[in-house]
């Protein structure tokens, strides 16, 4: 269990967003933090690789976790009904279990991103929601 103080404005925004999504504030915060730590981990791994390259590669590179698929690696998108909560890889919206979404069919290994219906429509119309 984790308790934290947040400004009233942020608390109101969290409650409003959670209500809009039909999830508890606790689940919303948990999903956002989980996604944020994944992003931070990717940034740290990329930064460490840049530092090793800049120093002439004196330290052996540690194996990095499989990167998430980039939009160019996606062969197609498969619509689905979510079996568990997820976060849209393009807009960071929280997707609740039972909601519609789409999973990337990728050309390669690694995690496959999930997108919300709104971002899937952007992709369908040739726009890049990842930009």
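The values are calculated or read from the model by the stated rules, or taken from the named source; none is laboratory data. It should be emphasised that the depicted structure is a prediction, and the values quoted were computed from it without experimental measurement. Counting neighbours? That spans all protein chains shown, and the Cβs are built from the backbone with ideal geometry, glycine included.
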| field | Answer from 9, 17 - the residue that is at pLDDT 80 or above and under 23 Å from the mean Cα position of the chain (by Cα) | value | 17
| remark: Note on the range 78-108: residues in a loop (DSSP other than H, G, I, E, B), in contact with a strand residue (DSSP E or B) (Cβ under 6 Å, 6 or more places away or on another chain) and free of Cβ contacts under 8 Å to residues at least 40 places away in the same chain are 82, 88, 107
